[in-house]
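What follows is a short report on a single structure.
The values are calculated or read from the model by the stated rules, or taken from the named source; none is laboratory data. Source: prediction; values computed, not measured. Cβ coordinates were reconstructed from backbone atoms using ideal geometry, including for glycine residues, and neighbour counts include every protein chain displayed. Protein only, heavy atoms only, side chains kept; ligands, DNA and RNA dropped before computing areas. Shrake-Rupley method; radii C 1.70, N 1.55, O 1.52, S 1.80 Å.
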Amino acid sequence: GAVVSQHPSWVICKSGTSVKIECRSLDFQATTMFWYRQFPKQSLMLMATSNEGSKATYEQGVEKDKFLINHASLTLSTLTVTSAHPEDSSFYICSARGVSSYEQYFGPGTRLTVT
Amino acid sequence: AQSVTQLGSHVSVSEGALVLLRCNYSSSVPPYLFWYVQYPNQGLQLLLKYTSAATLVKGINGFEAEFKKSETSFHLTKPSAHMSDAAEYFCAVSSRAGGYQKVTFGTGTKLQVIP
């Protein structure tokens, strides 16, 4: 149980275009989802926290207009990287938390490369 | 406020030798503590977690960790390293106040297993 999926697993896009990444909780309802960014050989940095049906809470330094997060249902959250630039290339990982759980379940990650 | 310090960004052990990965935490309230493993280009897999029950926690793949409040430590050990243990390991802390707070990750320790 507690499986989280991400789609796509990797994506290459041209500079200036937008990319959407999906995060789904497959067998539980995720009231809260988290989006992380991981640069090569570094730890995970929390970008934002989203609760179903409400606006996401962004960490300091994360541009909310650039990284659009939508958590429209209890099983799906999306991260859209708008007007992507090469410096946005990174590994993006989502996680999800159930209604009565302290634990986060992590997705497999999405490798974004902006050319 | 909470933080995690992982001592040693790289650790090398011989196959069959003891694995010891160090983690110290800081938290203003009683914490939840986690160890995750990450293989290249993959998401995080939970190895084990401490949630205020037994201080010696056993996880998957033969790993275990001991919560020592007096030392604010949560070191990860495995009696005998296997080649398949080569990966990146992250220690994480989550405080229990207010039900749940965001998880803070350490900077990671890359484990190399030498045949």
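Tabulated data
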| item | result |
| --- | --- |
| Single match in B:54, B:92 (criterion: within 13 Å of the chain's Cα centre (by Cα), modelled with pLDDT under 95 and either of a type in the set (Gly, Ala, Ser) or closer than 30 Å to residue A:7 by Cβ (or both)) | B:92 |
| Residue check, residue A:66 of a type in the set (D, E, K, R), open to solvent by less than 50 Å² (accessible area, probe 1.4 Å) and out of contact with any Cys (no Cβ under 7 Å at 6 or more places or on another chain) | yes |
| Complete set of residues in the stretch B:45-77 that are under 24 Å from residue B:15 (Cβ atoms) and at the interface with another protein chain (Cβ under 10 Å from one of its Cβ atoms) | B:45 |
| Some residue of the stretch A:33-45 being in contact with a His (Cβ under 8 Å, 6 or more places away or on another chain) and either of a type in the set (A, V, I, L, M) or at pLDDT 90 or above (or both) | yes |
| Identity of the residue in the stretch A:48-62, within 11 Å of chain B (Cβ to nearest Cβ) and not charged (D, E, K, R), that ends up surrounded by the fewest Cβ atoms within 10 Å (Cβ to Cβ) | A:57 |
| Output for the stretch A:15-48, where each listed residue is in contact with a strand residue (DSSP E or B) (Cβ under 6 Å, 6 or more places away or on another chain), of a type in the set (Val, Ile, Thr) and closer than 23 Å to residue A:89 by Cβ | A:19, A:21 |
| Tally, over the stretch B:21-67, of residues that are open to solvent by 20 Å² or more (accessible area, probe 1.4 Å) and in a loop (DSSP other than H, G, I, E, B) | 13 |
| Conditions (1) among the charged types (D, E, K, R); (2) in a loop (DSSP other than H, G, I, E, B); (3) within 28 Å of residue B:110 (Cβ to Cβ); (4) away from chain B (no Cβ under 14 Å): number failed by residue A:65 | (3) |
| Odd one out for residue A:103 among (1) within 14 Å of chain B (Cβ to nearest Cβ); (2) closer than 30 Å to residue B:9 by Cα; (3) within 15 Å of the chain's Cα centre (by Cα) | (3) |
| Residue list for the stretch B:1-19, filter: under 20 Å from residue B:77 (Cβ atoms) and either open to solvent by less than 60 Å² (accessible area, probe 1.4 Å) or of a type in the set (S, T, N, Q) (or both) | B:4, B:5, B:6, B:8, B:9, B:11, B:12, B:13, B:14, B:16, B:17, B:19 |
| Residues (under 14 Å from residue A:91 (Cβ atoms) and either within 13 Å of the chain's Cα centre (by Cα) or surrounded by fewer than 16 Cβ atoms within 10 Å (Cβ to Cβ) (or both)) located in the stretch A:1-14 | A:6, A:8, A:9, A:10, A:12 |
| Those residues of the stretch A:36-91 which are more than 20 Å from residue A:9 (Cβ to Cβ) and hydroxyl-bearing (Ser, Thr, Tyr), in sequence order | A:43, A:49, A:50, A:54, A:57, A:58, A:73, A:82, A:83 |
| Some residue of the stretch A:15-29 being open to solvent by less than 30 Å² (accessible area, probe 1.4 Å), out of contact with any Leu (no Cβ under 6 Å at 6 or more places or on another chain), modelled with pLDDT under 95 and part of a strand (DSSP E or B) | yes |
| Hits in the stretch A:85-115 (condition: over 14 Å from residue A:23 (Cα atoms) and of a type in the set (A, V, I, L, M)) | A:99, A:112, A:114 |
| Count - residues of the stretch B:8-20 that are within 14 Å of another protein chain (Cβ to nearest Cβ) and assigned to a strand (DSSP E or B) | 1 |
